[in-house]
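Read through the structure below, which is laid out as structure tokens, and then see the notes.
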Amino acid sequence: MFCDKDFIPEKQTICYGSDQLSADLGIGKIIDTMADGDDVIRTACSAVLFSPLQTVQSIRYRQAVLKDFLAHPALVRRIYTITTDTAKQERETWFFLNSRYLSSTFSTAIDLLQQYVKSLMKIRTIADEYVKKVQSPGLTAFFSQLEQNLADDYFSEVSDCLNNLSDRDGLLVSASMGGHLQGIRYEFRQKQRKGFRRRWIFTPSYTLAERDETGARDFTRRRERAISETTNALAQSAEHLKYFFSQLRNELAFYIGCCNLAGRLRKMEGGFCIPEIYPQSSEKCTAENLYDVSLLLVKGPPVVPNDFEAAGKRLCIITGANQGGKSTFLRSVGQEQLMAQSGMFVCAKNCLLSIKSGIFTHFKREEDTALDSGKLDEELVRMDSIVEQLQPDALILFNESFASTNEREGSEISRQIAGALADRGMTVVFVTHQYEFANFFYEKKSPEQLFLRAERQENGRRNFKIIPGRPLETSYGLDIYKKVFGPD
């Protein structure tokens, strides 16, 4: 996930307004599809989508790994299955690792390490199979580390060591005599298998009586003193390997989610591509056949795609017919930016994008049922909280904002807010029915402005295409009225 640090979902810096972004852009359905019922994948994908990357290098690094996994989906699924199975096995055993008895911790640590070694051997086998098929720096480095650190000799040596430690015939312990004839310096010794039984069979020995509880407790204390250092080493090793498999599972979970989403899109004939990413200052924004992926996942095909040519544009105002696809198009723009900066593919045929310092939405809300404030008051308070978070080159998406007052006042509020944001280096995409607001900027004829319109056919039907066009004074609400109540 990163070239220089671990990916820990719980420690990701979640962007401001993630709940609003999820609701406004339909991200919840996307995450549901990616997770496919797996809570680990859900947690990882949520953390990734709502913590957008801010450098071209980090995005391209993640994109390269994703390309490899999309080309070889069996690779990521096989390794992820190993990490999942390992997690299930360790849950059944891990409880005993923290036992108050060293002997229990000792045997549990050995069992866990034997499980981990088997899983590592499986991963190493998969790595050998795919090492020449992948091209991304991330997977190439990962497979190279596995090859260097997990050689066949290493597995043979570790397996022999663990088998010796788990010997059920007992332990070999040595001790020295202290000044008061007490045992000191208890040490756990490795057995020399060759001639072991012959060497010790005639050695003086002592057998505890069947009901000698005091002797048994004393014997246990001596045994635990001898294995204490070894037990600590084994437990630490088990902890490290547990962390390794947990991290590997979390990082693969995101890519599994991407493969799940890609598989669903292919079945529904929805196209996608890996976007070309550029720095913030480049002001790139081009998408061909862009569509709302959440709409496709909910409604199914077909979904009407649209082109979006907004390179160098600071203010894009979208007007046109009611129910003409404006809000759907706006969601697709937000999804595109959020998915691209997560290192994912985007749902378009081709796409070039600049990084945005932040992604914000200001969509219309339903009336406050608690009657704590009026609708316009709520909109302005929400806008104020967004402004406090803004940095240059942020993307703000407005959907019919400030329409709860009359046309003149709403247009003036929209004009001042949109104009100020664009002047301060933000990118604003504004869906509106306010003609005065839209026409004010249209008459300025600025090269940094773009005007789009939901197309309406002559018979009043909507084809859900968003095309370049000047604002119109009407939103053709009468078309909907006639559709509901009849032409007369």
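The values are calculated or read from the model by the stated rules, or taken from the named source; none is laboratory data. On a predicted model such as this, the values are computed, not experimentally measured, just so you know. For neighbour counting, all protein chains shown are included, and Cβ atoms are generated from backbone atoms with ideal geometry for every residue, glycine included. SASA here: full protein model, heavy atoms, side chains in, ligands and nucleic acids out. Shrake-Rupley method; radii C 1.70, N 1.55, O 1.52, S 1.80 Å.
Key figures for this structure:
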{"item": "Cross-link partners of Lys356 among aspartates and glutamates (Cα-Cα below 12 Å; sequence separation of 8 or more within a chain)", "result": "Glu283, Glu336, Asp393"}
{"item": "Hydrodynamic radius by Kirkwood, which averages 1/r over all alpha carbon pairs of region 359-447, in angstrom", "result": "13.6"}
{"item": "Dipole magnitude (debye, nearest 20) for region 374-453, charges at Cβ of Lys, Arg, Asp, Glu", "result": "280"}
{"item": "Angstrom value of the Kirkwood radius, inverse mean 1/r, which spans all Cα pairs in region 279-406", "result": "16.1"}
{"item": "About the Cα centre, charge dipole magnitude for the chain (Lys/Arg +1, Asp/Glu -1 at Cβ), debye", "result": "1880"}
{"item": "Dimensionless Rg ratio for the chain, taking C-alpha atoms and the 2.2 N^0.38 Å reference", "result": "1.38"}
{"item": "FRET E, pair Asn232, Ala141, Förster distance 41 Å, beta-carbon r, rounded to 0.05", "result": "0.85"}
{"item": "Theoretical gain in end-to-end length, Phe219 to Asp377 [0.36 nm per residue, Cα-Cα removed]", "result": "49.2 nm"}
{"item": "Heavy-atom accessible area per residue - the chain, 1.4 Å, Å²", "result": "54"}
{"item": "Farthest positive-ward along the chain dipole, Cα basis, beta-carbon charges - from Tyr61, Pro204, Leu295", "result": "Pro204"}
{"item": "Cβ-placed point charges (K, R +1; D, E -1), dipole of region 1-143 about Cα centre in debye, nearest 20", "result": "440"}
{"item": "Two-site FRET efficiency, Leu352 against Gln449, from Cβ-Cβ distance with R₀ of 22 Å, rounded to 0.05", "result": "0.65"}
{"item": "Of Thr427, Phe451, Asn406, farthest towards positive along the dipole that unit charges on Lys, Arg, Asp, Glu beta carbons give region 388-454", "result": "Phe451"}
{"item": "The chain - percent of accessible surface contributed by carbon and sulfur, probe 1.4 Å", "result": "50"}
{"item": "Cα→Cβ-extended label distance, 7 Å offset, between Ala74 and Glu458, nm", "result": "5.7"}
{"item": "Selection from Ser282, Val333, Phe308, by position along the positive dipole direction of region 282-341 (Cβ)", "result": "Val333"}
{"item": "Nearest-10 value in Å² for the accessible area of Arg365, using the 1.4 Å probe", "result": "60"}
{"item": "Long-range tail of P(r) for region 105-187 (Cα pairs > 17 Å, %)", "result": "62"}
{"item": "At least 24 Å along the helix axis (C-alpha) and Kyte average at least -1.0, DSSP helices within the chain", "result": "73-93, 102-130, 213-267"}
{"item": "Over the chain: helical MRE at 222 nm, DSSP H runs n ≥ 4 each giving -39500 (n - 2.57), nearest 500", "result": "-17000 deg cm²/dmol"}
{"item": "Label-to-label distance, nm, for residues given as Val173 and Leu208 (7 Å Cα→Cβ offset)", "result": "0.9"}
{"item": "Subset of Lys67/Lys465; Lys88/Lys242; Lys11/Lys242 violating a 22 Å alpha-carbon distance limit", "result": "Lys67/Lys465"}
{"item": "FRET efficiency for Asn406 and Ala87, using Cβ-Cβ distance with R0 set to 60 Å, rounded to 0.05", "result": "0.50"}
{"item": "Normalised convex hull volume, region 1-85, alpha-carbon set, Å³ per residue", "result": "119"}
{"item": "Whole-angstrom gap from region 13-86 to region 109-172, using each part's C-alpha centre", "result": "27"}
